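Structure first, then comments.
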Amino acid sequence: MKKILTKYDHLVANQPTANTEMLLAFDEERDQYLWFQVGWNDNQRVLGITVHVNFPMVKSIPENRAIALSILLV
């Protein structure tokens, strides 16, 4: 997951958005991964989660496994 999100982050970094940046956060101990954006648009704070993967939740609920697999295969 870390490798996949880092790859997409590098692709997006080549197309920057003014006054916002994409950030990655990895909690490998708890198997959680976050890709989000922060910044400013005029005087408005921008904060948006692009991807949040929580593998303990994915492992425990079959429907979530299917969603996670579809994301990984994109």
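All of the numbers you see were taken from the coordinates with simple rules; none came from a lab. Because the structure is a prediction, the values reported are computed rather than measured.
Residues whose amide H falls under 5 Å from that of T20, counting only those 5 or more places apart or on a different chain, are W40, with hydrogens built in the peptide plane.
Note on the stretch 1-55: Rg/Rh from C-alpha atoms, Kirkwood Rh, equals 1.02.
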